[in-house]
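Asks: The structure that follows is given in the form of structure tokens.
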Amino acid sequence: MQIIKCEQGSPEWQHARMGIPTASQFDRIITPGGKLSAQSRDYMHHLLAELLIGCPIDSPKTSWMERGTELEGDAVCWYEFDRDVAVETVGFILADGGLWGCSPDRLVGTDGLLEIKCPSPQVHVGYMVERDVDKAYRVQLQGQMFVAQRAWTDICSYHPLMSAVVIRVERDEEFIAKLEAALCEFCAQLEEAKERLGIMPREVVNA
């Protein structure tokens, strides 16, 4: 794997991930249950369009996404103090071969990842009560562990007026095997489409 040094959200980060499947969108390739997603064709067209126009097609940010960005630093400080660890900021992680990648919030030691959630009060209370992660996040979390070669991910749900919650998600090798097979099939189809459209290979990004 290759770690590309850049700030998440920056033009360099957008360029590094443009036109390739990323973990936050892996659920458009495979479902949490391990089946191929019906959204894969639309996602492929999205990636091809980015390559053809030469710039990323951004999704609009919601108010909760902006709030999460504002509170992320506080959440990370709380996590480091509570767990007595130092985390590492990362830009973009590109898998060997450059076919797919991911952008985890932080690296934890040599084995872990950290994902920060700063949700609405009611969603945060859900984390407090259930002590579990919505299955909708399963594909992204397992995808990030697959790409980053990590064994676990800590989900930290943070709200400034309530107790923070940390939920650890372990690596699922059975699901990751299905994910890798789906990604290989998807990327093979993507390469065929790029050839038909005359899209040149991506330039190598320096770490």
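Asks: What ranking of 93, 199 comes out by heavy-atom accessible area, probe 1.4 Å, highest first?
Replies: 199, 93
Asks: Keeping all protein chains in the complex and leaving out DNA, RNA and ligands, what accessible area do you get for residue 130 with a 1.4 Å probe, in Å² to the nearest 10?
Replies: Result for residue 130: roughly 130 Å² accessible.
Asks: Turning to a different aspect of this structure: Expressed as a whole number of Å, what is the distance separating the alpha-carbon centroids of the stretch 1-52 and the stretch 110-189?
Replies: If we compute the Cα centre of each part, the gap is 17 Å.
Asks: Please determine, in degrees from 0 to 90 and to the nearest 10, the orientation of helix 63-83 with respect to the longest principal axis defined by the Cα atoms of the chain, where the helix direction is its Cα long axis.
Replies: Roughly 60 degrees, rounded to the nearest 10.
Asks: Please report, as a whole percent, how much of the solvent-accessible surface of the chain comes from carbon and sulfur atoms (probe radius 1.4 Å).
Replies: The C+S portion of the solvent-accessible surface of the chain is 51 percent.
Asks: Another question, then. Based on the Cα gyration tensor of the stretch 122-207, what are the three equivalent ellipsoid semi-axes, each the root of five times an eigenvalue, rounded to whole Å and given largest first?
Replies: Working from the Cα gyration tensor, I get semi-axes of 35, 15, 13 Å.
Asks: Please report the accessible area of residue 58 (heavy atoms, 1.4 Å probe, ligands and nucleic acids excluded) in Å², nearest 10.
Replies: Spelled out: residue 58, probe radius 1.4 Å, area about 100 Å².
Asks: Let me ask you something else. How big is the shadow of the Cα convex hull of the stretch 1-101, averaged over all directions, in nm²?
Replies: 8.4 nm²
Asks: Relative to the Cα centre, what is the charge dipole magnitude of the chain, using +1 at the beta carbon of each Lys and Arg, -1 at the beta carbon of each Asp and Glu, and rounding to the nearest 20 debye?
Replies: 420 debye
Asks: Another question about this same structure. Name the long-range amide H neighbours of residue 30: under 5 Å, sequence gap of 5 or more, or other chain; modelled H, no Pro or chain starts.
Replies: 37
Asks: Projected onto the charge dipole of the stretch 101-207 (+1 at Lys/Arg Cβ, -1 at Asp/Glu Cβ, origin at the Cα centre), which of 159, 142, 112 gives the Cα projection farthest towards the positive end?
Replies: 159
Asks: Taking K and R as +1 and D and E as -1, what net charge do the other residues with C-beta under 15 Å from the C-beta of residue 132 add up to?
Replies: Value of the local net charge: -1.
Asks: I'd like the accessible area for residue 24: 1.4 Å probe, protein heavy atoms, all chains in place, Å² to the nearest 10.
Replies: Solvent-accessible area, nearest 10 Å²: 50 Å².
Asks: Using alpha carbons only, what's the Rg to Rh ratio of the chain with Rh from Kirkwood?
Replies: Looking at the chain, the ratio lands at 0.97.
Asks: Between helix 173-197 and the chain, what is the angle of the helix's C-alpha long axis to the longest principal axis, kept within 0 to 90° and rounded to the nearest 10?
Replies: Once rounded, one gets 40 degrees.
Asks: With springs only between Cα atoms under 10 Å apart, run a GNM on the chain and tell me which of 153, 89, 22 wobbles the most.
Replies: Checking each option, the largest mean-square fluctuation is seen for 89.
Asks: I would also like to ask the following. Write down the accessible area per residue of the stretch 12-156 in Å², having rolled a 1.4 Å probe over the full set of protein chains.
Replies: Accessible surface, normalised per residue, equals 50 Å².
Asks: While we're here: Could you tell me the relative contact order of the chain? Use alpha-carbon pairs under 8 Å, at least six residues apart, and round to a whole percent.
Replies: Over the chain, the number comes to 25 percent.
Asks: Given the -39500 (n - 2.57) contribution per DSSP H run of 4+ residues, what per-residue ellipticity at 222 nm results for the chain, rounded to the nearest 500 deg cm²/dmol?
Replies: Mean residue ellipticity, 222 nm, calculated: -14000 deg cm²/dmol.
The values are calculated or read from the model by the stated rules, or taken from the named source; none is laboratory data. As the structure is a computational prediction, the values presented were derived from the model and not from experiment. Every residue, glycine among them, receives a Cβ derived from its backbone with ideal geometry; neighbour counts consider all protein chains shown. Protein only, heavy atoms only, side chains kept; ligands, DNA and RNA dropped before computing areas. Shrake-Rupley method; radii C 1.70, N 1.55, O 1.52, S 1.80 Å.
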